[in-house]
1. Of all helices (runs of 4 or more DSSP H) completely enclosed by region 102-168, which ones contain at least 1 residues that are under 22 Å from Val249 (Cβ atoms) and either of a type in the set (A, V, I, L, M) or open to solvent by 60 Å² or more (accessible area, probe 1.4 Å) (or both)?
2. Residue under question is Arg182, and the condition is that it be in a helix (DSSP H, G or I), free of Cβ contacts under 8 Å to residues at least 40 places away in the same chain, under 30 Å from Tyr234 (Cβ atoms) and of a type in the set (Lys, Arg); does it hold?
3. Does region 236-286 hold any residues that are open to solvent by 70 Å² or more (accessible area, probe 1.4 Å), of a type outside the set (A, V, I, L, M) and under 24 Å from Asn162 (Cβ atoms), and which are they?
4. Identify, from the list Leu60, Leu66, Leu80, Leu73, the residue that is within 14 Å of Gly269 (Cα to Cα), exposed (fewer than 13 other Cβ atoms within 10 Å of the Cβ) and in contact with a helix residue (DSSP H, G or I) (Cβ under 9 Å, 6 or more places away or on another chain).
5. Among the residues of region 200-235, which ones are surrounded by 20 or more Cβ atoms within 10 Å (Cβ to Cβ) and within 22 Å of Ser271 (Cα to Cα)?
6. Just checking: which of the helices (runs of 4 or more DSSP H) contained wholly in region 188-299 hold 1 or more residues that are at pLDDT 85 or above and basic (Lys, Arg)?
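The values are calculated or read from the model by the stated rules, or taken from the named source; none is laboratory data. Values in this document were obtained by computation on a predicted structure and should not be read as measured data. Heads up, the Cβs are rebuilt from the backbone with ideal geometry, glycines too, and the neighbour counts pull from every protein chain shown. We work out accessible area using only protein heavy atoms, side chains counted, and drop any ligands, DNA or RNA first. Shrake-Rupley method; radii C 1.70, N 1.55, O 1.52, S 1.80 Å.
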Amino acid sequence: MTTTDIPRPADVDSGRRVSRKRSRKTATGGLRQAVSATTLLWIMACLYGFPVLWFVLSSLKPASDLFSYPLTLVPHNPTLSGFRAAWDSANFSQYFINTAIVCVITTILTVGVSCCTGYALAKYDNRWLKAFFLCILATTMLPGEVMLAPEFLVVRNLGLYNSFAGIILPAVLTATGCFMFRQFFLTVPDELVEAARIDGAKELSIFLRIMVPLSRPIMLTLAILSFQWRWNDYIWPLLMLNDPNKFTVQIGIQSIVGAQNINWSVLLGASVISMIPLIAIFLVFQRYVMSADINAGLKD
């Protein structure tokens, strides 16, 4: 004779109550973690955004209100006179054209060279490549000011002084770009490359048709960073350029600063104008910076 244990209604109800309490505790704990993380992010955003907000709003103040006491965040009489004076006092249109030429060409070359270098360092097993990668990383351990003198001598001896090429070429190969692409290509399964080789694809075809499309998020990320680096670069163009018609935006802003006094209203207006292209670039391309599906061409 066999017997079966039939759960009693009381046991069933108690089990349901326990499961409900656990689900409520889990939901409550997850909500608390989400709220705490969101609160921390908002606090950090306010801490980083407040100086920028003060800077932008100060550019709308007249020169007489910038240092008035007590200090105010919102301008009482907002004006665009600082922007007009900054644009009229310097040849900003030429500065923008010069900087755009330098930034666009440097960004394209940096992304292309870094992509090729990163792929070679990640997918080819050679001790000389490993040594070359260590040499590239070693350059990040040196301050940029230490490398200014030898770079200047090399560029001058090549006859590239006071030219855009003298600004562009030394900035093409960056350790950051090579490291970004190398780390990304290491995450790409080797089976994907081997499958392409079995199908008869050449090495150049594998790189251009498979690796380059997969690395689009990294390319866009590095393009944004490279454009920002070159747009904000000040020391190297200041050393290399001697012709005012070839000055970049940052040198143009520095030329506004007088030897004895500083017109802060004009300087703030010029600084805000120089920020507009960077903000526009980021807003346009930020939605393209996404995760890549590197397993799209593989089957289980």
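1. Values: elements: 127-138, 148-157, 164-168.
Hits in region 102-168: 148-157, 164-168.
2. It is false that Arg182 is in a helix (DSSP H, G or I), free of Cβ contacts under 8 Å to residues at least 40 places away in the same chain, under 30 Å from Tyr234 (Cβ atoms) and of a type in the set (Lys, Arg).
3. Asn242, Pro244, Asn245, Gln254, listed by residue number.
4. Step by step, each of Leu60, Leu66, Leu80, Leu73 is checked, and only Leu80 is within 14 Å of Gly269 (Cα to Cα), exposed (fewer than 13 other Cβ atoms within 10 Å of the Cβ) and in contact with a helix residue (DSSP H, G or I) (Cβ under 9 Å, 6 or more places away or on another chain).
5. Once the filter is applied, which keeps residues that are surrounded by 20 or more Cβ atoms within 10 Å (Cβ to Cβ) and within 22 Å of Ser271 (Cα to Cα), region 200-235 yields Ser226, Phe227, Arg230, Trp231, Asp233.
6. Those helices (runs of 4 or more DSSP H) span 190-198, 216-232.
A quick yes/no check of all residues on (1) closer than 15 Å to Ile273 by Cα; (2) modelled with pLDDT under 80:
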residue: Thr26; (1), (2): no, yes
residue: Thr39; (1), (2): no, no
residue: Leu66; (1), (2): no, yes
residue: Phe83; (1), (2): yes, no
residue: Asn91; (1), (2): yes, yes
residue: Ile97; (1), (2): yes, no
